[in-house]
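Below is one structure, written out as structure tokens; comments come after it.
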Amino acid sequence: QGQLLAKSWSSLFEGQSGAALRGPIYSFNGRNVLTDPLWPHQLAWHGSTPRGGHARRWDCQGWRSSGVAEGMATALGEGRLLAGHRHNCSAP
């Protein structure tokens, strides 16, 4: 019933920025995060470098709500899982 997002687990992280994601992505409550207004930023938070390593300064690990830390996340519409940019850790 589902749609294929990537050929394999490892293909998500191979190459320049990982696999191109295909098809809709649903939240655990069944909402399509690419079209639902409850997901205004449509980001996949990962805290990784484009090659899949840990981006230590940009992982939001020590973030608190009063902080201004940034973490690596990818806009799901970009189509590449690890093609991240820094985003404020406070973003929903």
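Readers should treat all values here as calculations from the given coordinates under stated rules, not as data from a laboratory. Since the structure is predicted, the reported quantities are computational estimates derived from the model, not experimental observations. Positions of Cβ are backbone-derived with ideal geometry, glycine not excepted, and every protein chain shown enters the neighbour counts.
If you take the beta carbon distance between residue 88 and residue 25 as r and set R0 to 22 Å, what does 1/(1 + (r/R0)^6) give as a FRET efficiency, to the nearest 0.05? Before the final figure, lay out each step's value.
Details: r = 22 Å, r/R0 = 0.99.
For R0 = 22 Å, the calculated efficiency reads 0.50.
Test of understanding: what is the full-extension gain from residue 33 to residue 3, defined as 0.36 nm times their sequence separation minus their Cα-Cα distance?
Values: separation 30, 0.36 × 30 = 10.80 nm, distance 1.48 nm.
Here the answer is 9.3 nm.
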